[in-house]
Amino acid sequence: MQYNASTPAEYLEQLEDDWRKEKVLQIREMIKNHDPELVEGIEYKMLSYGDGSRSVFHLNAQRAHVGLYVGNLDKIEGSSELLADFDTGKGCIRIKNKNDLTESALDTFISNTITFWRAGGDTDC
């Protein structure tokens, strides 16, 4: 789904108050906890997180899942094991209602991705 928002606050206001908003808020908190200096913005009509010149994550509520877009997941060491509980594509993690984020390794994956990216690693496809 696409949201016509120009700020993260507008984006969050437009989300329906359901499980998808809850997951977006949880993932958003994980990202911010691991790197409070990341700039939260809007790119491609979804939330983005980066340094102002390039983004490491995009986050969006879709109809049947919440998408966390990273680029090429295989560039992050251990991604297959860390994301075993999720439906993934080449650069997308599809978080569904059934996924318990507190019991998953998504937090570790986010931390590893930020570390890789901050060290100059390129996660692009």
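Does at least one position in the range 91-110 carry a residue that is in a helix (DSSP H, G or I), touching a residue at least 24 places away in the same chain (Cβ under 8 Å), touching a Ser or Thr at 6+ places or on another chain (Cβ under 9 Å) and among the aromatic types (Phe, Trp, Tyr)? Yes: the range 91-110 contains one or more residues that are in a helix (DSSP H, G or I), touching a residue at least 24 places away in the same chain (Cβ under 8 Å), touching a Ser or Thr at 6+ places or on another chain (Cβ under 9 Å) and among the aromatic types (Phe, Trp, Tyr).
Taken over the range 42-60, the criterion of being over 18 Å from ILE95 (Cα atoms), out of contact with any helix residue (DSSP H, G or I) (no Cβ under 7 Å at 6 or more places or on another chain) and without any contact (Cβ under 8 Å) to a residue 40 or more places away in the chain is satisfied by GLU43, TYR44, GLY50, ASP51, GLY52, SER53, ARG54, SER55.
Looking only at the range 54-75, how many residues end up being in contact with a strand residue (DSSP E or B) (Cβ under 8 Å, 6 or more places away or on another chain) and over 23 Å from SER104 (Cα atoms)? The number of residues fulfilling the criteria is 1. If the condition is being touching a strand residue (DSSP E or B) at 6+ places or on another chain (Cβ under 7 Å), closer than 25 Å to LYS98 by Cβ and either among the acidic types (Asp, Glu) or part of a helix (DSSP H, G or I) (or both), then the range 22-53 contributes LYS23, VAL24, ILE27, ARG28, ILE31.
Readers should treat all values here as calculations from the given coordinates under stated rules, not as data from a laboratory. All values derive from a computational prediction rather than experimental measurement. Note that each Cβ is placed from the backbone with ideal geometry, even for glycine, and that neighbours are counted across all protein chains shown.
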